[in-house]
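*Asks:* Just dropping this structure here.
The values are calculated or read from the model by the stated rules, or taken from the named source; none is laboratory data. What you see is a predicted model; the values in this text were computed from it and never measured. Neighbour counts are summed over all protein chains in view; Cβ atoms, including those assigned to glycine, are modelled from backbone coordinates with ideal geometry.
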Amino acid sequence: MSELTYEYTDLRSRLETFEWDNTWIEHSENENAARLLHIGDSISVGTRGIGTGMGKVLFDNFGTSRAVDNPYFKGAIHNFAAQLTKRNAVIFNNGLHGWHLDDETEYAEYYEDMVKFLIEEFKGIPLYIVLTTHVRDEERDLRVKKRNEAATAVANKYGLEIIDLYSASASDPNFLSGDGVHLTADGYKALAETIIESISKNI
């Protein structure tokens, strides 16, 4: 996933050095297939094709470098999602971007605000909170864990189920690729399997 950037330094600006969106709708003509929308990052982009290839659910994707405090994030999701409204589930994670945000306060507040938006935007569709994946850098991984704690607290507050991709990604050291952030094919397969199992009652 080298074409999708990851900010290794903690910039203080809202925007990263490179900002990107990667959006995808699988077989838009197929209105009868089970379908999920994964709002995530480059990890969701890497999981999409493998997940769809398992043949149980179509993985649509809104992958982005936008942080939860990006003022244009909600509008971008709204415009993308309006193209196709039938979905069996929406799953959301955002923890590998926006390193300018303090993990326990700023990140937690903006994350909760985004979740409230998603609950309203996708009313009637099951929404799942996805825990952010493991990274090799120990200091950054500690921050990921803090962000996952914040995400878990929000999920509990609003009665949302959790998909634990952190544990799935950390279960085998060979799942991480050479850059220490993105995954190998086997790693993405493990994530896709975890997602499908977690939402199985809705597909």
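*Asks:* Considering only residues that are assigned to a helix (DSSP H, G or I) and within 19 Å of GLY51 (Cβ to Cβ), which ones fall in the range 143-169?
*Replies:* From the range 143-169, those assigned to a helix (DSSP H, G or I) are 143-158, 165-169; that's our starting set.
Across the range 143-169, the qualifying residues are LEU165, TYR166, SER167, ALA168, SER169.
*Asks:* Within the range 152-181, track down each residue that is surrounded by 15 or more Cβ atoms within 10 Å (Cβ to Cβ) and either more than 22 Å from GLU197 (Cβ to Cβ) or in contact with a helix residue (DSSP H, G or I) (Cβ under 6 Å, 6 or more places away or on another chain) (or both).
*Replies:* Across the range 152-181, the qualifying residues are VAL154, ILE162, ILE163, LEU165, TYR166, ALA168, SER169, PHE175, SER177, VAL181.
*Asks:* Moving on. Can you tell me which residue in the range 68-87 is nearest to GLU31 (Cα to Cα), limited to those that are among the aliphatic types (A, V, I, L, M) and in contact (Cβ under 8 Å) with a residue 12 or more places away in the chain? Full working, then the answer.
*Replies:* Looking only at the range 68-87, we keep the residues that are among the aliphatic types (A, V, I, L, M), and these are 68, 76-77, 81-82, 84.
Adding the requirement that they be in contact (Cβ under 8 Å) with a residue 12 or more places away in the chain leaves 68, 76-77, 81, 84.
Values: VAL68: 31, ALA76: 23, ILE77: 20, ALA81: 15, LEU84: 9 Å.
Among residues in the range 68-87 that are among the aliphatic types (A, V, I, L, M) and in contact (Cβ under 8 Å) with a residue 12 or more places away in the chain, the one nearest to GLU31 (Cα to Cα) is LEU84.
*Asks:* For the subset of the range 145-161 comprising residues that are among the hydrophobic types (A, V, I, L, M, F, W, C) and touching a Phe, Trp or Tyr at 6+ places or on another chain (Cβ under 7 Å), which member is farthest from LEU37 (Cα to Cα)? First the steps, then the outcome.
*Replies:* Here is the first cut: in the range 145-161, the residues among the hydrophobic types (A, V, I, L, M, F, W, C) are 150-151, 153-155, 160.
Keeping just the survivors that are touching a Phe, Trp or Tyr at 6+ places or on another chain (Cβ under 7 Å) gives 150-151, 154, 160.
Numbers: ALA150: 22, ALA151: 18, VAL154: 20, LEU160: 16 Å.
If we take residues in the range 145-161 being among the hydrophobic types (A, V, I, L, M, F, W, C) and touching a Phe, Trp or Tyr at 6+ places or on another chain (Cβ under 7 Å), then ALA150 is farthest from LEU37 (Cα to Cα).
*Asks:* Six or more apart or on different chains, Cβ atoms under 6 Å: show the pairs whose first residue is in the range 124-140 and closer than 19 Å to ILE39 by Cα and among the hydroxyl-bearing types (Ser, Thr, Tyr) and whose second is at pLDDT 95 or above and in a strand (DSSP E or B).
*Replies:* Qualifying pairs under 6 Å: TYR128/ILE91; TYR128/GLU161; TYR128/ILE163.
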